[in-house]
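Trainee: I have a structure here, written as structure tokens, and I will follow up with some questions on it.
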Amino acid sequence: MSDDNSPISAREAKRLFADLKNAPALVLAVSGGPDSVALMWLAARWQRSLARGPQLVVVTVDHGLRPEAAREAREVKRLASALALTHRTLRWRGAKPKTGLPAAAREARYRLLAQAARAAGASHVLTAHTRDDQAETLLMRLLRGSGIAGLSAMARVSERDGIVLARPLLDVPKSQLIATLKRAKIGFADDPTNRDTIFTRPRLRALLPQLAAEGGDARNLVRLAARLSRANAAVEVLTDGAERFLHLRDSGDAPHGSETCSFEAAAFASLPEEVRLRLLLRAIDALGHEGPAELGKVETLLAALDQAMSGGRPASADGRPVLKQTLAGALISLAGGRIHIGPAPARRRQGRSRGG
């Protein structure tokens, strides 16, 4: 797209949605802001251009956090009706957390969108994340010390709760979407929380003009995320190959699909550090029962394993493991020249027995 401030043409919109033309139905996540309203308008125009396009279902999630949200949902419904699109409003009910509210609201939103997709027979949920959002996501993860996978930022297509999540506007700047709506004379809501500096993303958003002056504009940040995504995909291929290599060395003792797995310590130690880290992450996430393992904790575990293996003590004198740790609900041990990983025993609640 040549001009960041020019409206999106019908031809450009057709290219944005080209991969979705054979889907049975699509759920459009529309909050009422400029990005998602533009997504709805562009998708409706694209659908009308097809002889037989997918059904479009517009879904607005009301998190119950702002009094204006109900009115904004009604405005989205009005515009959806004008575009001859089905609309549903879903509400996030129940108590809201006092900390981590943005993350909890995001999880609730995706859960409700996936439910709506299944109810509508839709194969995809479309969100209106833009190039600006991608740049902000990269900055947030960079400051949190994410690894290569995290710094790849958002994928154009991913899977969540059994539904494909697509972001067709990920290369489009927000300014183009606003220009598109202005030309079409379509209004949109202004969410003040997008500027509320109590949250991390708005604070980083306010810094973007200063970063752009130093060359760190959204276009360059997104280019960096794309290059890191490319590198991450290459490392994943290497990790797949290493997993097969260890599978053959272990004569059928595969890291996945069983209650336990083990690696020959010497073969594991010969692999690059990033590959070893990912192998541990995969096995712990597959066999643990406390959710995804934190990258930093797996790095600490790998350092401990490396130290134990380099010490030339694959087992203690009485055969007991020289290393034994639990992480994310998985039990990891080094014994007999092998690294063993399996589910950790369930934690017992501490209690005191009382006399009669």
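The values are calculated or read from the model by the stated rules, or taken from the named source; none is laboratory data. Please read all numbers here as calculations on a predicted model, not as lab measurements. Cβ: placed from backbone, ideal geometry, glycine included. Neighbour counts: every protein chain shown. Remember, those area values only see protein heavy atoms, side chains included, never the ligands or the DNA or RNA. Shrake-Rupley method; radii C 1.70, N 1.55, O 1.52, S 1.80 Å.
Trainee: Select the strands (runs of 3 or more DSSP E) contained entirely in region 4-120, then report the ones holding at least 3 residues which are open to solvent by 60 Å² or more (accessible area, probe 1.4 Å).
Mentor: It comes to 86-91.
Trainee: Go through region 142-164 and count every residue that is outside any loop (DSSP other than H, G, I, E, B), open to solvent by less than 50 Å² (accessible area, probe 1.4 Å) and out of contact with any Lys or Arg (no Cβ under 9 Å at 6 or more places or on another chain).
Mentor: Adding up the residues that qualify gives 1.
Trainee: Determine which single condition GLY33 fails, assuming it passes every other condition in (1) closer than 19 Å to ARG131 by Cβ; (2) of a type outside the set (Lys, Arg); (3) out of contact with any Asp or Glu (no Cβ under 6 Å at 6 or more places or on another chain).
Mentor: Evaluating GLY33 over (1) closer than 19 Å to ARG131 by Cβ; (2) of a type outside the set (Lys, Arg); (3) out of contact with any Asp or Glu (no Cβ under 6 Å at 6 or more places or on another chain) leaves (3) as the failure.
Trainee: What do you reckon, is GLN134 touching an Asp or Glu at 6+ places or on another chain (Cβ under 8 Å), assigned to a helix (DSSP H, G or I), within 22 Å of ALA225 (Cα to Cα) and touching a residue at least 60 places away in the same chain (Cβ under 8 Å)? Please lay out each step first, then the result.
Mentor: Details: touching an Asp or Glu at 6+ places or on another chain (Cβ under 8 Å): no; assigned to a helix (DSSP H, G or I): yes; within 22 Å of ALA225 (Cα to Cα): yes; touching a residue at least 60 places away in the same chain (Cβ under 8 Å): yes.
For GLN134, the condition - touching an Asp or Glu at 6+ places or on another chain (Cβ under 8 Å), assigned to a helix (DSSP H, G or I), within 22 Å of ALA225 (Cα to Cα) and touching a residue at least 60 places away in the same chain (Cβ under 8 Å) - is not met.
Trainee: Can you find a residue that is within 30 Å of CYS261 (Cβ to Cβ), free of Cβ contacts under 8 Å to residues at least 40 places away in the same chain and open to solvent by 60 Å² or more (accessible area, probe 1.4 Å) anywhere in region 225-233?
Mentor: So in region 225-233, the residues within 30 Å of CYS261 (Cβ to Cβ) come out as 228-233.
Filter again for free of Cβ contacts under 8 Å to residues at least 40 places away in the same chain, leaving 230, 233.
Restricting the remaining residues to those that are open to solvent by 60 Å² or more (accessible area, probe 1.4 Å) gives 230.
Within region 225-233 (the criterion being within 30 Å of CYS261 (Cβ to Cβ), free of Cβ contacts under 8 Å to residues at least 40 places away in the same chain and open to solvent by 60 Å² or more (accessible area, probe 1.4 Å)), the answer is yes, since at least one residue qualifies.
Trainee: Here is a further query. So which residues in region 121-140 are surrounded by fewer than 19 Cβ atoms within 10 Å (Cβ to Cβ) and at negative phi, if there are any at all? Explain how you work it out, then say what you get.
Mentor: Taking region 121-140 first, the residues surrounded by fewer than 19 Cβ atoms within 10 Å (Cβ to Cβ) are 121, 123, 140.
Those that are surrounded by fewer than 19 Cβ atoms within 10 Å (Cβ to Cβ) and at negative phi: SER123, MET140.
Trainee: Of everything in region 276-301, what is open to solvent by 30 Å² or more (accessible area, probe 1.4 Å), in contact (Cβ under 8 Å) with a residue 40 or more places away in the chain and in a helix (DSSP H, G or I)? Give them in sequence order.
Mentor: Within region 276-301, ARG282, ASP285, LEU295, GLY296 meet the criteria.
Trainee: Still on this structure, I have one more. Looking only at residues that are touching an Asp or Glu at 6+ places or on another chain (Cβ under 7 Å) and at pLDDT below 95 in region 176-208, which one is farthest from ALA44 (Cα to Cα)?
Mentor: Only one residue tops the list, namely LEU204.
Trainee: Which of the numbered conditions does LEU113 fail, given that it passes all the others? Conditions: (1) under 16 Å from the mean Cα position of the chain (by Cα); (2) modelled with pLDDT under 95; (3) not hydroxyl-bearing (Ser, Thr, Tyr).
Mentor: Only one criterion in (1) under 16 Å from the mean Cα position of the chain (by Cα); (2) modelled with pLDDT under 95; (3) not hydroxyl-bearing (Ser, Thr, Tyr) is unmet by LEU113, namely (2).
Trainee: Only one of SER152, SER158, SER175, SER146 is among the hydroxyl-bearing types (Ser, Thr, Tyr) and in contact with a strand residue (DSSP E or B) (Cβ under 9 Å, 6 or more places away or on another chain). Can you tell me which?
Mentor: The unique qualifying residue is SER158.
Trainee: Quick one: would you say THR137 is among the hydroxyl-bearing types (Ser, Thr, Tyr) and more than 14 Å from the chain's Cα centre (by Cα)?
Mentor: no
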